Amino acid sequence: MLPLLLISTVPAFTLLLIAPATKPCAKLARELGLLALLLATELLRHATAAGSRFLGRDRGARTTMPAPPPPSWPKPPPAALAAVTAGEAAEVTTTPAAADAAALPLLDLPELALDRVLEELSPASLAAMACVCAALRGRCSADALWERHLRAKWGRVLGAAARKEWEAELGARAARACAPRPARRRGWADSLACAWPFSWIAGRWLNKGDFSAAVAAEPAPATVNAPVTAPPADTVAAWYRALECGEFWFPAQVYNREDGHVGFVLSCYDAHLRYDRRTDTFTARYPPHGRKPAKEEDGVQWSRLRSPPVGTPAHDLHASDCLEALRPGDHFEIQWRKNKDFPYGWWYGVVGHQASWNAHEHLCRCHEDDTIVLEFQHYAPGSRWRQTTVSRKDHRETGDETDGFYGGIRKLQTKDEISTWRRFWPADVLN
């Protein structure tokens, strides 16, 4: 009878639940309908449980013969049991040294030996070891261990700006965690559900946020075997995990942006990058160029990335401190932008000779002249992008809206920097 009553009343309750609660009376009707539905469901559950118990007692009363006891197997004598145990031990440990090593727990190793073992673990193994127990969690989350892994994989693309942004991200997370959450407005049905004696209503009517808050308010049991899912947020291990999982966009620079577009050959632009460990590549997000929206590029390889060599922001002019030392044949990179609304990019070039000394390069005195000739030799002779000049003593941003604006200059000091630029040399000369 009760199931038929429940089935017949469900459509009416459903209409009450989906009706728009635009007026107080409609909201009251919805709450009354929900309360009636919950009550009917609870009564059905209790009736089903009572019927099951009654059928179980009736079935037990009709059973006259007891079940036969399980067969009892004869116990081996103590001497035979000792012989079996000794044989198993002999199969597992064949030498006394192996037995001693097997009986030695990892945490009983000396401090230096344990640290040496942890240093040999890969990042994945180190993270798994941190989940074993609370004692190993602290050791495996040590910054000294993870700094080595961070430098080995990420040191070439992470700079001071990336570390600064990570610290700012930690501060923002802490601020969000401490911010007070707005209280949800509760109806009278919520209050009734909290005091209702039936556990079904209290467990299902309260939303997940209230339930999670109640669970979090309970004291957690103290155990050393509690699993650890993530390292503390203010550790190097947490930074490494955020980079590996693509949870943190870090600043770096990308050679030949937009997959080697002809307009960006032998250039290097600032971007924010996110790692994709499935493809071992990056997604680059470039800042907006004037009114143009920000662009994203997928599939950026490791070989096209570098950490910013200077701390100058993309829209600021770099202070050139190498002009007096520039000589013909020196390799450099210079800031350039199409107009003053665009961010700067770094472009590769070589210091050239002045026209009056081209025929007598062995007698060159270009380094004594106030004018420095900058050549971009991947452009064909006669191209307007092939050559430009700057003042050695009073260099500022120079240029116009037609040829763009040339900014600060940085001399390349190492062969590695020069060889990295030369790897992106185009196959054909550009016009």
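The values are calculated or read from the model by the stated rules, or taken from the named source; none is laboratory data. Predicted, not measured: the structure shown is a model, and the values here were computed from it. Cβ placement follows ideal geometry from the backbone for every residue including glycine, while neighbour counts extend to all protein chains displayed. Surface areas here come from the heavy atoms of the whole protein model, side chains and all, with no ligands, DNA or RNA. Shrake-Rupley method; radii C 1.70, N 1.55, O 1.52, S 1.80 Å.
Applying the Karplus relation 6.51 cos²θ - 1.76 cosθ + 1.60 with θ = phi - 60° to segment 371-376 yields 3J(HN,Hα) values of 9, 10, 8, 10, 10, 10 Hz, where x marks Gly and Pro.
Determine the gain in length on full extension of the stretch LEU106-LYS338; use 0.36 nm per residue of separation and subtract their C-alpha separation, reporting nm with one decimal. Write out the running numbers ahead of the final one.
Details: separation 232, 0.36 × 232 = 83.52 nm, distance 6.16 nm.
Full extension of this stretch gives 77.4 nm more.
Tell me, what is the FRET efficiency for GLU397 and LEU32 to the nearest 0.05, using R0 = 45 angstrom and their Cβ-Cβ distance as r?
Plugging the Cβ-Cβ distance into 1/(1 + (r/R0)^6) gives 0.05.
Could the peptides 124-130, 347-353, 389-395, 173-179 be put in order, highest first, of the mean number of other beta-carbon atoms found within 10 Å of their residues? Could the numbers behind the result be given before it?
Working: 124-130: 16.7, 347-353: 20.6, 389-395: 13.7, 173-179: 9.1.
With the highest mean Cβ count within 10 Å placed first, the list reads 347-353, 124-130, 389-395, 173-179.
Placing a pseudo-label 7 Å from each Cα along the Cα-to-Cβ vector at SER383 and HIS353 gives an inter-label distance of 2.3 nm. Annotation: average projected area of segment 337-421 is 6.9 square nanometres, based on the convex hull of Cα atoms across all directions.
Considering only protein heavy atoms and a 1.4 Å probe, what is the carbon-and-sulfur percentage of the accessible area of segment 361-400? Could you put the intermediate results ahead of the total?
On the way: 1000 of 2430 Å².
Looking at segment 361-400 in its full context, I get 41 percent from C and S.
Taking amide H positions as modeled 1.01 Å from N, with prolines and chain starts lacking one, no residue 5 or more places away or on another chain lies under 5 Å from HIS353.
Residues whose amide H lies under 5 Å from that of LEU430, counting only those 5 or more places away or on a different chain, are TYR379, ALA380; hydrogens are built 1.01 Å from N in the peptide plane.
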